[in-house]
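Visitor: Before I ask anything, let me first share the structure, which is written out below as structure tokens.
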Amino acid sequence: MSTEPNQPEAGKKPQLPQPSEKTPRSAPDARMLRRRKFLNGLCIGVGTVSLGSIFWAVIGFMLAPLEDEPAGTWRSVGKVEDFKIGSTSIVKLEDASSVPWAGYAGKTAAWLRRDGESEFTCFSVNCTHLGCPVRWIETAELFMCPCHGGVYYKDGSVAAGPPPEPLPQYKVRVFNGSVQVLASPVPITHGAG
Ligand code: FES
């Protein structure tokens, strides 16, 4: 009596077909794997470059203000005839480094003296000790600082007190009948001492 080829013999467990030990990858699988590896590497590379660019852009943006020296700007402070020869007057001007949102902080002042027909001298209003605004005392012909008693002569040199340096001067020019001062950032203190 013959048995069917796929029928288990009586008393024997049926044998399931076993997969071969090592199935070699087919050629399309290997190609897909290589492509996936390449795309992964490409994504990592592009991501790294992008992150690096963003990082340097942010650092550059943060450090830019430190590198940019604010250039001086000519500011008109009045007509020549507004100032009497020999007089020393306070003039208001906008700081050269002023930004649109600076508001009141962008304003500064200076002492302008008319020395002749078209000769002017302009002194910073800020004391070189700790930056307090100095006042011109006409009768004494001195600049006085109310904060710590700093005193400057008429030419801006130190007469007494703690100021370590003379009053800084601005460049002045006459342009189209106007007196213009080359505004620069407010000179802040050089340190107490
Ligand atoms: Fe002028 Fe000190 S700030 S003397």
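Visitor: Tell me, what HN-Hα J-couplings in whole Hz come from the Karplus equation 6.51 cos²θ - 1.76 cosθ + 1.60 at θ = phi - 60° for each residue of the stretch 108-122, using x for Gly and Pro?
Guide: Here the 3J(HN,Hα) series is 9, 9, 8, 9, 10, 10, 8, 8, x, 3, 9, 10, 9, 10, 10 Hz.
Visitor: Between Asp115 and Ser89, how many nm apart are label points set 7 Å from Cα along the C-beta direction?
Guide: About 1.9 nm separates the two model spin labels.
Visitor: Continuing with the same structure: What is the gain in length, in nm to one decimal, between Trp101 and Leu42 on full extension, counting 0.36 nm per residue of separation less the C-alpha to C-alpha distance?
Guide: Stretched out fully, the Trp101 to Leu42 stretch lengthens by 16.8 nm.
Visitor: Could you calculate the contour length gain from Lys79 to Leu182, that is, 0.36 nm times the residue separation minus the distance between their Cα atoms, to one decimal place in nm?
Guide: Separation in residues times 0.36 nm, less the Cα-Cα distance, equals 35.5 nm.
Visitor: Enumerate the amide H contacts of Val179 below 5 Å, restricted to partners 5 or more residues apart or on another chain; note that Pro and chain-start residues carry no placed amide H.
Guide: Val77, Gly78, Lys79, Val80
Visitor: If you don't mind, another one. Taking H as built 1.01 Å from N, whose amide H comes closer than 5 Å to the amide H of Ala109, not counting residues under 5 places away?
Guide: Result for Ala109 returns Leu93, Val125.
Visitor: Here is a follow-up. By the gyration tensor of its Cα atoms, with a ≥ b ≥ c the square roots of the eigenvalues, what is the shape of the stretch 73-183: rounded for a/c under 1.5, prolate for a/b over b/c, or oblate?
Guide: oblate
Visitor: Moving to a separate point now. Taking amide hydrogens as modeled 1.01 Å from N in the peptide plane, which residues meet the under 5 Å criterion relative to Trp74, leaving out close sequence neighbours?
Guide: Excluding prolines and chain starts, which carry no amide H, the hits are Ala183.
Visitor: How long is the gain from Leu33 to Phe175 if the chain were fully straight, where each residue apart is worth 0.36 nm and the alpha carbon distance is subtracted?
Guide: Length gained, Leu33 through Phe175: 43.5 nm.
Throughout, read-outs are computed from the coordinates displayed, never taken from laboratory work. Computed from a prediction, not measured in an experiment: that's the story for all the values here. In this analysis, Cβ positions are derived from the backbone assuming ideal geometry, glycine residues included, and neighbour counts consider all displayed protein chains.
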